[in-house]
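Following: one structure in structure tokens, then a few remarks.
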Amino acid sequence: MEILLIRHARPGWVADGRGVLDPALTPEGEAQAQHLGEAVHAWRRKPKTLWVSPAARARQTAAPVARALGLEPVEHGWLEEIRLPPDWDGAAALDIRDHFATARSRTEAQWWAGIPGGESFHDFEARVTENMAAALGALGIRRRQGAEAEAPLYDLPEPDQVLAIVAHGGTNAVLTSYLLGLPMVPWAWERFVTEHASVTRLRAAPLLGGHIFGLREHSDANHVPGHLRSR
């Protein structure tokens with residue numbers, strides 16, 4: 001089985017000097033998404049299922065992928081990025097930028113607590129991993145309890161299945177950590193840094209009577225021309 005974690009293309013976080021919490025893609029982002037859609041034709045193993053975050057930037061990125069695959073995207077609200085304070089929508093962009101700049105000096109406990117007024121990383125991690133487990137379970141893919149291997153073991157009813165997920169840098173980083181069985185850190189997107197419209201590929205391999213997921217490609221954005229690549 002393969003799970004493809006696709007990060008959305010470049011969004012426009014600022015409009016007229018104000019922050020936008022659910023931004024659409026910029027013209028550069030739209031071009032990145034089109035190149036991603038064109039690259040799908042060259043994929044050796046094509047997904048049969050496409051899950052998408054309901055955020056505008058994810059849905060717009062998924063559109064050319066869905067057309068190329070002939071699939072209907074399935075939206076899952078739990079795939080949204082960690083939720084920022086609602087009052088940041090329309091707030092001065094310079095103030096938001098300054099907050100992110102100073103937030104890097106937070107303590108570990110503060111990182112886990114998240115940005116005041118927004119979603120805590122504790123809640124974000126639980127939202128993503130618990131719902132991922134349930135969604136995979138609905139496909140018959142189950143993580144074994146009490147397995148002796150350090151990496152989690154999975155039972156896969158259809159080992160040749162391919163699943164594509166179009167989401168966000170933070171969401172995909174949490175999913176990568178979860179599927180590989182890595183200890184979670186509240187700065188997961190700094191551990192697994194990804195470019196816009198990039199693809200991270202995890203593939204299952206048989207082991208100990210089950211399957212483990214291995215990281216085969218990370219943040220592959222070679223389908224995006226150099227002058228359009230961004231992070």
>> Quick test of your reading of the structure: GLU30 fulfils all but one of (1) part of a strand (DSSP E or B); (2) over 28 Å from ASN131 (Cβ atoms). Name the failing condition by number.
In response: (1)
> Quick check: is even one residue across the stretch 53-70 part of a loop (DSSP other than H, G, I, E, B), out of contact with any Gly (no Cβ under 8 Å at 6 or more places or on another chain) and surrounded by fewer than 16 Cβ atoms within 10 Å (Cβ to Cβ)?
Replying inline: yes
> Name the pairs: first residue in the stretch 16-29 and farther than 13 Å from LEU94 by Cβ, second residue in a loop (DSSP other than H, G, I, E, B) and hydroxyl-bearing (Ser, Thr, Tyr), Cβ to Cβ under 9 Å, at least 6 apart or on different chains?
Replying inline: GLU28/SER230; GLY29/SER230
> If you go through the stretch 33-42 one residue at a time, do you hit one that is more than 15 Å from the chain's Cα centre (by Cα), surrounded by fewer than 16 Cβ atoms within 10 Å (Cβ to Cβ), assigned to a loop (DSSP other than H, G, I, E, B) and not charged (D, E, K, R)?
Replying inline: no
> Give me the pairs: first residue in the stretch 62-91 and closer than 17 Å to ASP123 by Cβ and basic (Lys, Arg), second residue modelled with pLDDT of 95 or more and surrounded by fewer than 19 Cβ atoms within 10 Å (Cβ to Cβ), beta-carbon distance under 7 Å, and six or more apart or on different chains, which are they?
Replying inline: ARG83/GLY118; ARG83/GLU119
> Here are some conditions: (1) in contact with a Gly (Cβ under 8 Å, 6 or more places away or on another chain); (2) farther than 30 Å from ALA31 by Cβ. TRP189 meets all but one. Which one does it not meet?
Replying inline: (2)
> (1) within 23 Å of the chain's Cα centre (by Cα); (2) surrounded by 15 or more Cβ atoms within 10 Å (Cβ to Cβ): which one isn't true of GLU130, the others all being true?
Replying inline: (2)
>> Taking the criterion of being in contact with a helix residue (DSSP H, G or I) (Cβ under 9 Å, 6 or more places away or on another chain), buried (at least 19 other Cβ atoms within 10 Å of the Cβ) and in a helix (DSSP H, G or I), would at least one residue in the stretch 157-170 satisfy it?
In response: yes
>> Kindly evaluate ASN131 against the criterion of being closer than 30 Å to ALA109 by Cβ and not in a strand (DSSP E or B).
In response: yes
> Limited to the stretch 183-221, what total is found for residues that are surrounded by 14 or more Cβ atoms within 10 Å (Cβ to Cβ) and not in a strand (DSSP E or B)?
Replying inline: 13
> Can you name every residue in the stretch 83-121 that is in a loop (DSSP other than H, G, I, E, B) and among the β-branched types (Val, Ile, Thr)?
Replying inline: THR107, ILE115
> Given the conditions (1) under 25 Å from ILE96 (Cα atoms); (2) without any contact (Cβ under 8 Å) to a residue 24 or more places away in the chain, which single one is not true for ALA56?
Replying inline: (2)
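The values are calculated or read from the model by the stated rules, or taken from the named source; none is laboratory data. Every value quoted in this text rests on a predicted model; they were computed, and no experiment measured them. Cβ coordinates were reconstructed from backbone atoms using ideal geometry, including for glycine residues, and neighbour counts include every protein chain displayed.
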